[in-house]
Amino acid sequence: MASERRLALIGFGTIARDIHARLGGEGFGFACLLRPGSPSRASLPAGIAALDSLAELLAWRPDLVVEAAGHAAVAETLPQVLAAGIPALPASTGALADDALLLRLAEAAQKGDARLIVPSGAVGGLDYLAALRETQDAEIRYTSRKPPAAWRPELAASGLAEKAAQAEIVLYEGSAREAAKLYPKNLNVGLTIALAVGHDRLSVRIVSDPAAAGNTHEIEATSALGTARMSFVNLPSPANPKTSALTAASLTAAIRRQFDRIAI
């Protein structure tokens, strides 16, 4: 990997901190865009340049921008980043459920001759699923199964918190697009799968399960090419139970692929 690569982070929460910890010794220069008054500013590690505006980020001329600040940040920053010719890697892939935003990003990438890189996040097998996109009869079901702690606000709002401690509850079953809108902090994986296979071929189930050993992602695919069943049981991030600890590791791998001479 070449030295002097400039990596700009948008936000400095759990995911961005983990990425910096993993890549800090690999010759990257880091900058971080933070909103005014962000509590993360005081804890920003030495050696990371603090940026106050998108204009400052663009002037810093990073080789890659990694969004790790939530769905709103994707819409507010990445169109300008891509239009400026800078590739972007969003952690909040659920934001791409918005067709209008996805079109804006595609047009910006075309204008800037840049790439929007959608990471695999907390699952694998996206290469297999993408291969099914042109298979007419392909049917894919994705189940997100997490402990009740990951769904605490949703369970409390629906009056199901007590029941959820005793038995599994199906919170949602339907399209990936609607699931990402209803559960924006939990369904990045579902949206990523939908982008790989096409929205019309994917159904989504969201399950609160007290017996779940961790954040579990189950994918079932059936087509004329064969069948596949994949299950990923990821431990939640200690700092944020809604996020798999694997997410930052996956983003780190995507960053390395962007710069490695041999990419896998």
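The values are calculated or read from the model by the stated rules, or taken from the named source; none is laboratory data. Computed from a predicted model, the values in this text were never measured in an experiment. Cβ coordinates were reconstructed from backbone atoms using ideal geometry, including for glycine residues, and neighbour counts include every protein chain displayed.
Can you run down the residue pairs with Cβ atoms below 7 Å, 6 or more apart or on separate chains, where the first is in region 141-153 and modelled with pLDDT of 90 or more and the partner is part of a helix (DSSP H, G or I) and buried (at least 22 other Cβ atoms within 10 Å of the Cβ)?
Tyr142/Gly190; Tyr142/Ile193; Ser144/Val189; Ser144/Gly190; Pro148/Ala164
Name the residue that is surrounded by the fewest Cβ atoms within 10 Å (Cβ to Cβ), counting only residues in region 102-136 that are in contact with a strand residue (DSSP E or B) (Cβ under 8 Å, 6 or more places away or on another chain) and assigned to a helix (DSSP H, G or I).
The residue in question is Ala106.
For region 166-187, name all the residues that are of a type in the set (A, V, I, L, M) and touching a helix residue (DSSP H, G or I) at 6+ places or on another chain (Cβ under 6 Å).
The first filter runs over region 166-187 and keeps only residues of a type in the set (A, V, I, L, M), leaving 167, 169-171, 176, 179-180, 182, 187.
Correct list: Ala176, Ala179, Ala180, Leu187.
Between residues in region 220-244 that are free of Cβ contacts under 8 Å to residues at least 12 places away in the same chain and under 17 Å from Gln136 (Cβ atoms) and residues that are hydrophobic (A, V, I, L, M, F, W, C) and part of a strand (DSSP E or B), which pairs lie under 7 Å by C-beta distance while being six or more apart or on different chains?
Thr227/Ala221
Specify which of the listed residues (Ala2, Ala42, Ala16) is modelled with pLDDT of 95 or more and out of contact with any His (no Cβ under 6 Å at 6 or more places or on another chain). So that I can check it myself, show each step before the final result.
On the way: Ala2 fails: modelled with pLDDT of 95 or more; Ala42 fails: modelled with pLDDT of 95 or more.
The match here is Ala16.
When you go through Arg145, Arg152, Arg141 one by one, which is the residue that is closer than 23 Å to Ser223 by Cβ and not aliphatic (A, V, I, L, M)?
Working: Arg145 fails: closer than 23 Å to Ser223 by Cβ; Arg152 fails: closer than 23 Å to Ser223 by Cβ.
Result: Arg141 is the single residue among Arg145, Arg152, Arg141 that is closer than 23 Å to Ser223 by Cβ and not aliphatic (A, V, I, L, M).
In region 161-179, what count of residues is obtained for those that are in contact (Cβ under 8 Å) with a residue 24 or more places away in the chain and buried (at least 16 other Cβ atoms within 10 Å of the Cβ)?
Residues in region 161-179 being in contact (Cβ under 8 Å) with a residue 24 or more places away in the chain and buried (at least 16 other Cβ atoms within 10 Å of the Cβ): 8 in total.
Where residues in region 137-153 are under 30 Å from Ala263 (Cα atoms) and more than 21 Å from the chain's Cα centre (by Cα), which of them is surrounded by the fewest Cβ atoms within 10 Å (Cβ to Cβ)?
Here is the first cut: in region 137-153, the ones under 30 Å from Ala263 (Cα atoms) are 138-144.
Next, from what is left, pick out any that are more than 21 Å from the chain's Cα centre (by Cα): 138-139.
Working: Ala138: 20, Glu139: 14.
So, considering only residues that are under 30 Å from Ala263 (Cα atoms) and more than 21 Å from the chain's Cα centre (by Cα), the one surrounded by the fewest Cβ atoms within 10 Å (Cβ to Cβ) is Glu139.
Got a sec? Which of Ser208, Ser158 is of a type in the set (S, T, N, Q), buried (at least 20 other Cβ atoms within 10 Å of the Cβ), farther than 18 Å from Val123 by Cα and not assigned by TED's automatic domain parsing to the domain that holds Leu101? Give the steps one after another, and end with the answer.
Values: Ser158 fails: buried (at least 20 other Cβ atoms within 10 Å of the Cβ).
That would be Ser208, the only listed residue that is of a type in the set (S, T, N, Q), buried (at least 20 other Cβ atoms within 10 Å of the Cβ), farther than 18 Å from Val123 by Cα and not assigned by TED's automatic domain parsing to the domain that holds Leu101.
Looking only at region 137-157, how many residues end up being assigned to a helix (DSSP H, G or I) and acidic (Asp, Glu)? So that I can check it myself, show each step before the final result.
Here is the first cut: in region 137-157, the residues assigned to a helix (DSSP H, G or I) are 148-157.
Subset that is acidic (Asp, Glu): 154.
Residues meeting the conditions: 1.
Considering only strands (runs of 3 or more DSSP E) fully contained in region 158-258, which possess at least 1 residues that are modelled with pLDDT of 85 or more? Break it down into steps so the answer makes sense when it comes.
Details: elements: 169-175, 202-208, 215-223, 226-234, 240-244.
The strands (runs of 3 or more DSSP E) meeting that bar are 169-175, 202-208, 215-223, 226-234.
Being charged (D, E, K, R) and farther than 19 Å from Ala131 by Cβ is the filter; apply it to region 207-249 and report the residue that is nearest to the chain's Cα centre (by Cα).
Keep residues of region 207-249 that are charged (D, E, K, R), which gives 209, 218, 220, 229, 242.
If we keep only those that are farther than 19 Å from Ala131 by Cβ as well, we get 209, 218, 242.
Values: Asp209: 22, Glu218: 17, Lys242: 12 Å.
Ranking the candidates gives Lys242 first.
Does any residue of region 180-197 turn out to be touching a residue at least 12 places away in the same chain (Cβ under 8 Å), within 24 Å of Ile117 (Cα to Cα) and surrounded by fewer than 17 Cβ atoms within 10 Å (Cβ to Cβ)? Lay out the reasoning, then the answer.
Start the filter on region 180-197 by keeping residues that are touching a residue at least 12 places away in the same chain (Cβ under 8 Å), which leaves 180-181, 183-197.
Subset that is within 24 Å of Ile117 (Cα to Cα): 180-181, 183-197.
Now drop any that are not surrounded by fewer than 17 Cβ atoms within 10 Å (Cβ to Cβ), which leaves 181, 185.
Yes - at least one qualifying residue is present in region 180-197.
Step by step: first the residues of region 41-75, then only those that are assigned to a helix (DSSP H, G or I) and in contact (Cβ under 8 Å) with a residue 60 or more places away in the chain, then the one that is surrounded by the most Cβ atoms within 10 Å (Cβ to Cβ). Which residue is that? Walk me through it before giving the result.
Let us first name the residues in region 41-75 that are assigned to a helix (DSSP H, G or I), namely 41-43, 54-60, 71-75.
Subsequent filtering for residues that are in contact (Cβ under 8 Å) with a residue 60 or more places away in the chain retains 71, 73.
Numbers: His71: 22, Ala73: 19.
By that ranking, first place goes to His71.
Looking at Gly25, is it surrounded by fewer than 22 Cβ atoms within 10 Å (Cβ to Cβ), in a loop (DSSP other than H, G, I, E, B) and modelled with pLDDT of 95 or more? Before you say what the answer is, go through the steps one by one.
Details: surrounded by fewer than 22 Cβ atoms within 10 Å (Cβ to Cβ): yes; in a loop (DSSP other than H, G, I, E, B): yes; modelled with pLDDT of 95 or more: no.
No; evaluated as a whole, the condition is false for this residue.
Go through Pro87, Pro79 for me and flag whichever is outside the structural domain of Ser144 (by TED's automatic domain parsing), under 30 Å from Ile262 (Cβ atoms), buried (at least 17 other Cβ atoms within 10 Å of the Cβ) and at pLDDT 95 or above.
Unique residue meeting the criteria: Pro87.
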